[in-house]
């Protein structure tokens, strides 16, 4: 065994202490108020990502984002996506798919996710049980027309898909917009969806912004379902009295709209949140400037 001189030991110890201090001071720059890595839904950069995939990912990492959620892979293979993420210093946690795409390609989608190393496969858009009922089955109007029977049918599909996703070593989750918070005969569809899905097979990703647009309080939802909701979408809107679930408000940078995230994150601290993703859907400035504002807001938010 080699002996270490006192001078070498002190130098090594000092360097280790300096590195530890630097790492500790850097943690807040990469974390949200829950102490989780700062995440981003890549739908936010849907216009620039296909033009410069690798470069865009590196820019996001430079802003402090460490985790991402995909919304399309632009023809890239799992190995190509994985390599781009690794080079940028990002972890691709999950990916969004509409149910209309999941159902006919569930095995293929699960294999893609497994090869990529995803933790979650997320359904971000439900379906009508009978798509022929609507001229445009994938439209917002079609989703707004969904009945309790439609949502129960969707729950059945989620249970079946969730079982397959679980078997592949991942988790399945559902992401809301506004139709989930409509009601029929006093039964809110979101409540029915959670009641009709197996907690062992289906988790929830709460989009706080769309919940607010639908007239809901995300903090209340987190308190009601502290173990079912495992991921958050964090976005801001400029809400006005004229805004309704059918008339979407303007998306804006975090802290520049009307959503107060302090009580939401207070409730989230008591829940089972594994990941939280910033998402901004519209911009009136370059995307990276806006996403820097979003990152700074979450890094400075304390609860």
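Bear in mind these aren't lab numbers, they're just calculated from the coordinates by the rules spelled out. None of the values given here were measured: they were computed from a predicted structure. In this analysis, Cβ positions are derived from the backbone assuming ideal geometry, glycine residues included, and neighbour counts consider all displayed protein chains.
I want to check the label-to-label distance for residue 224 and residue 262. Put each point 7 Å from Cα in the C-beta direction and report it in nm to one decimal.
Distance between label points: 2.5 nm.
Quick one: compute the contact order of the chain, relative version, from alpha carbon pairs under 8 angstrom and 6+ residues apart, as a percent. Intermediate results must be reported in sequence, preceding the final value.
Numbers: 495 pairs, mean separation 54.6, N = 303.
For the chain, the relative contact order is 18 percent.
Give the angle, between 0 and 90 degrees and rounded to the nearest 10, that separates the Cα long axis of helix 148-167 from the longest principal axis of the Cα atoms of the chain.
Result, in degrees: 30.
In degrees from 0 to 90, rounded to the nearest 10, what is the angle of the helix 287-300 Cα long axis to the longest principal axis of the chain?
Tilt relative to the chain: about 70 degrees.
What is the antiparallel percent of DSSP beta bridges lying wholly in region 163-303, to the nearest 5? Present the calculation step by step, with values, prior to reporting the outcome.
Details: 6 of 17 bridges.
Antiparallel bridges make up about 35 percent of those DSSP assigns within region 163-303.
What FRET efficiency would be calculated for the residue pair residue 76, residue 164, taking the C-beta separation as r and a Förster radius of 25 Å, to the nearest 0.05?
On the way: r = 23 Å, r/R0 = 0.93.
The formula returns an efficiency of 0.60 here.
Mark the label point 7 Å from the Cα of residue 149 along Cα→Cβ and return the residues of region 99-140 whose backbone N is within less than 14 Å of it.
Answer for region 99-140: 128-134.
Only bridges with both residues in region 163-236 count here: give the DSSP antiparallel percent, nearest 5. Display every interim value, and only then the final one.
Numbers: 2 of 9 bridges.
Bridges in region 163-236 are about 20 percent antiparallel.
Applying 1/(1 + (r/R0)^6) with R0 = 22 Å to the Cβ-Cβ distance of residue 282 and residue 217, what FRET efficiency is obtained, to the nearest 0.05? It would help to have the intermediate numbers written out before the result.
Numbers: r = 24 Å, r/R0 = 1.07.
Once the sixth-power term is evaluated, E becomes 0.40.
For Rg and Dmax of the Cα atoms in Å, several values are listed as (1) 21.0, 80; (2) 18.0, 50; (3) 17.9, 57; flag the one computed from this structure.
This structure yields the entry labelled (1).
Share of antiparallel DSSP beta bridges in the chain, in percent to the nearest 5?
Working: 7 of 36 bridges.
Restricted to the chain, the bridges split so that about 20 percent are antiparallel.
Let me know the whole percent of all Cα-Cα pairs from region 101-220 that are separated by more than 18 Å. Intermediate results must be reported in sequence, preceding the final value.
Details: 3749 of 7140 pairs.
It works out to 53 percent of all Cα pairs.
So how much slack lies between residue 87 and residue 107, counting 0.36 nm per residue of separation and subtracting their Cα-Cα distance, in nm? The partial results should precede the final answer.
Working: separation 20, 0.36 × 20 = 7.20 nm, distance 2.82 nm.
Difference between extended and current length: 4.4 nm.
To the nearest 10 degrees, how steeply does helix 6-30 sit against the main Cα axis of the chain, on a 0 to 90 scale?
Roughly 20 degrees, rounded to the nearest 10.
Take residue 272 and residue 302, extend 7 Å from each Cα along the Cα→Cβ direction, and tell me the distance between the two endpoints in nm.
Result for the modelled spin labels: 3.1 nm.
Sorted from fewest to most neighbouring beta carbons within 10 Å, what does the list 225, 261 look like? Let's see the in-between values first.
Values: 225 19, 261 23.
Least to most surrounded, the residues fall as 225, 261.
Can you sort 198, 150 from fewest to most other Cβ atoms within 10 Å of each residue's own Cβ? If you can, show how the numbers build up before the last one.
Details: 198 12, 150 21.
In order of increasing Cβ crowding within 10 Å: 198, 150.
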